[in-house]
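Since the structure comes first, as C-alpha cells, the remarks are kept for the end.
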Amino acid sequence: MNVRDLPIDLPADAVTAPIGTGCRDLPYRIEWAAGRSTRDSAARLLETRYAWRGYQGVSLPRDQTVDRMTLTATDGRATVGTITVGLDGPAGLAAAETFPEEIAALRARGLRLCEFSRLAAEPTAGGKHLLATLFHVAYLVAHRIRGADTLVMEVNPRHVGFYCRMLGARAIARGRINRTVNAPAVLLRIDFADVAAEIAAFGGRPELAANCRSLYPLAMSPEQEGRMLARLVDAQPGTAAGPY
C-alpha cells in the first residue's frame, strides 16, 4: 500500500508555546529525514500529534525522493518539528486525489505546483517561531531550489483562518472529504512570489510579531536565509546530508 500525503493538521496549542533555544543561527537544527534514526524520531512526533487530533495511521513517506522530501527540526535533544515537501513530479500531488479539478486547472495555467504536508510541531518547543522556521525552510527547498511557484495545502476547515491570517493563504476549494483520513478538507493556495515579498519585508524582525498577525516577522532574516539556502544546496538528499 502506498503511503499518501495527509492534510496538514495544526494543533491549536502549537502556536502558544515559548520560543526554544539552540544553535547560533536558529533555535533549531534543520535536517533532511535521510537517516533511519531521524525518520523514526520524526515519525513518532507525527503519529503522536495527529493521534491527538484523532487521526490514526499517519506516517512519513517510506522513501525520500527528489520530489518528496521530509525536513525535521531538532532542539539538540529530540525532533520537535517536521514537514514534508512534495513537488509535482511523475507521482503527482496527493491533493489531486481530493481536489482533481482544481489541481488540473492550476496545472493548465502553467503553474509549477508543490504541496506541504505532514506538518507536526511539539507544542512545548517553540510555537509560532518553530512553525515559521519550518515553513521558511520548506519554501526555500520548494521555490528557491526546485523552482515551484505555487503552493497548495489541504487543511481541516477549522485551520483555514490560521493559514489565511498567518501566511496569506487563500481558500480555493471547500466541501470535500479527504478519504485518507476520512475528514473534511479545504484546499489552500499560496503564491511564492507573495511569500518572498513578505519575507523580504518582515523576515528577521520578531519585534513586529506582537502587533502583526503574521508568521513572517518570525521568519529568518535575509542573512540567515542566505546561509540556510547555501547549506540546503550543499546537503540535498543524495549528497552528504547533514544539519543546517
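Structure notes:
- Restricting segment 73-118 to trypsin sites (Lys or Arg not before Pro) in coil, as DSSP defines it, with at most 15 other Cβ within 10 Å: 77, 109
- Convex hull volume of segment 50-171 per residue (C-alpha atoms, cubic angstrom): 131 Å³
Bear in mind that the values in this text are calculations on the coordinates, not laboratory data. Since the structure is predicted, the reported quantities are computational estimates derived from the model, not experimental observations. Cβ coordinates were reconstructed from backbone atoms using ideal geometry, including for glycine residues, and neighbour counts include every protein chain displayed.
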